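Beneath this line is the structure, given in structure tokens, with notes to follow.
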Amino acid sequence: MATIHRPALADAARTILRVALGAVFFAHGWQKFFEFTIPGAQGAFAQMGVPGAQFAAPMAAGLELAGGALLIVGLLTRVAGALLAVEMLSALFLVHVSAGMFVEKGGMELVLVLAAGAAAVALVGPGRASVDGLIFGRRTDRWAALAA
């Protein structure tokens, strides 16, 4: 099967994925800081059995808020994506996998999709419509070219 190379569509797909994921991560970080508050998030993490909840909750909140913002604008995209993917994989294995698939039972569907999306952004990069694209230009596509 022949592959059709359409860089404009690939850039659009990267931008859509990056901004959508960034918005979700940012919203979750905001929620932990300003709605649950950090003490509330620490209590929730402890109740879910997260080791080191006193440390993990503020770290997760900060990573989600800052990492989400970085994804939205496309700055340090690969680093933010990789860190967010690791965070979601940690949440998946520490808390959600034992509850099955579906989120209404505390399952892993949301964190699995967020981990996969963040890993994909880390692998393919931000695309040209990003701060990274403005600063580094075509060099942001180096890893994608190696993977092709």
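Some observations on this one:
- The chain: angle of helix 53-73 to the longest principal axis, Cα-based, in degrees nearest 10: 30 degrees
- Angle in degrees between helix 38-47 and the longest Cα principal axis of the chain, rounded to the nearest 10: 80 degrees
- Contact order for the chain, expressed relative to its length and based on alpha carbon pairs under 8 Å spaced 6+ residues apart, stands at 25 percent.
- The structure shown yields Rg and Dmax of the Cα atoms in Å, and of the options (1) 22.3, 79; (2) 14.8, 43; (3) 16.5, 54 that calculated value carries the label (3).
- Put a dot 7 Å past the Cα of PHE33, heading toward its Cβ, do the same for VAL97, and the two dots end up 3.1 nm apart.
- Distance from the stretch 110-134 to the stretch 40-87 (C-alpha centre basis), Å: 16 Å
- The stretch 25-95: C-alpha gyration tensor shape, a/c 1.5 cut-off, then a/b vs b/c: oblate
- Relative to the longest principal axis of the Cα atoms of the chain, the long axis of helix 7-30 lies at roughly 20 degrees.
No lab work stands behind these numbers, since they all come straight from the coordinates. For clarity, every value in this text was computed on a predicted model and none was experimentally measured. So basically every Cβ, Gly included, is an ideal-geometry build from the backbone, and we count neighbours across all protein chains shown.
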